[in-house]
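Below: one structure, written as structure tokens.
The values are calculated or read from the model by the stated rules, or taken from the named source; none is laboratory data. Please read all numbers here as calculations on a predicted model, not as lab measurements. Don't worry about glycine lacking a Cβ; one is built from the backbone with ideal geometry, like all the others, and counts go over all protein chains shown. Accessible surface areas use protein heavy atoms only, side chains included; no ligands, DNA or RNA. Shrake-Rupley method; radii C 1.70, N 1.55, O 1.52, S 1.80 Å.
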Amino acid sequence: MPRVLANESRSRGKKQINVIFLFLQGGASHVDMFDMKPDAPDDIRGKYSPAATNLTGLQLSDQLPGLRACADKFSLIRSMYTTKPVDHGEGDVHLMCGSPVDKNLQAPGIGAVLSLQQKLDSRFLPFVHMGNMKHPSHTAPGFGGFLGHQYDPYVLTQDPNSPTFAVREFEPVPEVDPSRLAGRRTLLRTLDRYQAERDSAPESARARDTFTEHAFQLATSQKAKEAFDLSRESARVRDTYGRNRVGQGMLLARRLVEAGVRFVTIQGYVDTGIYAWDHHWGIFGHLDKQLPIYDRCYSALLNDLSDRGLLDTTLVITAGEFGRTPKLNKDNKGPGRDHWSNCFSLTMGGGGVKTGVVVGASDRFGAVPTERPVSVADFVATVYHALGLDPHAEFVAQGRPMKMLPHGSPVQELF
């Protein structure tokens with residue numbers, strides 16, 4: 001706790017940094033997006049071509065025209081790697097907390113640590129996950145872990161692109177006025193205090209109380225309702241982001257950050273008949289559909305944040321849990337790329353992190369880093385550094401002092 005308090009003291013007077021994280025679940029292909037290999041053999045380079053960006057010397061896939069036009073608004077790490085097994089659920093958890101999977105004492109996600117270490121302006125929702133990203137065999141990525149369920153995100157499962165989109169879970173019944181809601185809150189608090197005294201697991205009681213408080217805040221907060229109301233955006237803006245679940249999710253994330261939510265994660269794919277970005281077969285048919293959506297919503301967010309003067313205080317990340325094999329396989333449904341953890345790319349920028357920077361490089365096939373290898377723990381440490389979090393702060397869980405992030409060093413080239 002002293003480390004946490006010291007960290008809060010150091011953070012005073014500095015800009016409050018928020019995060020929007022577009023999670024490319026399934027593992028997007030670095031070779032077809034950010035680390036093109038045009039001189040490699042056909043079964044490696046694929047069907048797309050590199051094209052110039054607005055940064056001299058930087059090329060990205062020709063399928064990303066929006067991002068090529070605003071490459072100065074984000075930075076690129078081309079030398080990511082992980083030593084963890086190339087398993088989706090495990091990779092998801094690892095990427096969002098920076099520590100290996102531990103089914104007994106799982107390390108908390110970045111948003112959970114942010115909620116613990118910094119006083120949040122938004123009391124109604126500390127952080128939000130759009131989409132259920134939990135793998136059946138693993139704990140949900142980015143959750144509270146050993147900090148407890150009170151640090152879990154609010155999970156929004158509705159499709160923000162739906163014409164009937166509304167956050168109804170916490171809306172009061174029409175005939176229940178605010179004074180009756182206040183009475184119910186008082187009664188619930190009394191019951192919770194009574195149960196907490198008798199409960200053998202007081203941590204669960206505290207988590208329940210925190211969640212109940214958030215529910216009442218949502219039910220009575222006009223600010224919260226307006227933040228979730230996409231109809232307040234013009235048709236032009238909504239079209240710019242793209243009329244699909246991911247595009248409208250990115251727009252909603254911007255609205256939530258403006259309202260005071262500190263950390264928003266968006267499940268970053270649309271259904272193309274395969275799991276997420278997990279393109280073991282028919283990769284180019286799937287990418288032909290997914291890349292325009294990714295390019296449109298990501299570039300729209302960067303430009304929108306920049307125009308609104310919010311990019312300096314909003315760290316935008318796009319990343320999957322690993323990359324894809326440089327060499328195409330020969331699946332009978334069409335060539336694909338399999339899991340690859342030895343080398344992949346991710347993007348981040350804004351929120352105090354430099355933009356227009358390329359960190360690291362891979363070999364001529366995109367198989368291994370050849371310059372400035374960056375581990376998943378290093379990536380998470382970089383986000384911690386941008387947010388002003390203390391990775392070494394300890395929290396006692398099950399009688400054991402646990403550090404937030406035991407390993408990893410910030411990528412100093414981005415600061």
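Key figures for this structure:
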quantity: Selection status of THR313, β-branched (Val, Ile, Thr), open to solvent by 20 Å² or more (accessible area, probe 1.4 Å) and in contact with a helix residue (DSSP H, G or I) (Cβ under 8 Å, 6 or more places away or on another chain); calculated: no
quantity: Filter pass, GLY360 being at pLDDT 95 or above and more than 17 Å from VAL86 (Cα to Cα); calculated: yes
quantity: Conditions (1) in contact with a helix residue (DSSP H, G or I) (Cβ under 8 Å, 6 or more places away or on another chain); (2) under 17 Å from GLY349 (Cβ atoms): number failed by ALA52; calculated: (2)
quantity: The stretch 316-335: number of residues that are polar (S, T, N, Q) and assigned to a strand (DSSP E or B); calculated: 1
quantity: Test: residue in the stretch 124-139 that is of a type outside the set (S, T, N, Q), over 18 Å from the mean Cα position of the chain (by Cα) and farther than 27 Å from ARG245 by Cβ; calculated: no
quantity: Residue pairs meeting the criteria (Cβ under 7 Å; at least 6 apart or on separate chains; first without any contact (Cβ under 8 Å) to a residue 60 or more places away in the chain, in the stretch 353-378; second open to solvent by less than 60 Å² (accessible area, probe 1.4 Å)); calculated: ALA367/PRO326; ALA367/CYS343; ASP378/GLY408; ASP378/VAL411
quantity: Flag for THR370 being among the β-branched types (Val, Ile, Thr), more than 23 Å from MET96 (Cα to Cα) and either in a helix (DSSP H, G or I) or out of contact with any His (no Cβ under 8 Å at 6 or more places or on another chain) (or both); calculated: yes
quantity: Test result for MET133, within 28 Å of PHE34 (Cα to Cα), at pLDDT 95 or above, part of a loop (DSSP other than H, G, I, E, B) and touching a strand residue (DSSP E or B) at 6+ places or on another chain (Cβ under 6 Å); calculated: yes
quantity: Lone qualifier among LEU147, LEU116, LEU156 - being at pLDDT 55 or above, open to solvent by less than 30 Å² (accessible area, probe 1.4 Å) and within 23 Å of PRO391 (Cβ to Cβ); calculated: LEU147
quantity: Which numbered condition GLY273 fails, given (1) in contact (Cβ under 8 Å) with a residue 40 or more places away in the chain; (2) open to solvent by 20 Å² or more (accessible area, probe 1.4 Å); calculated: (1)
quantity: Test: residue in the stretch 289-311 that is of a type outside the set (Lys, Arg), in contact (Cβ under 8 Å) with a residue 24 or more places away in the chain and assigned to a loop (DSSP other than H, G, I, E, B); calculated: yes
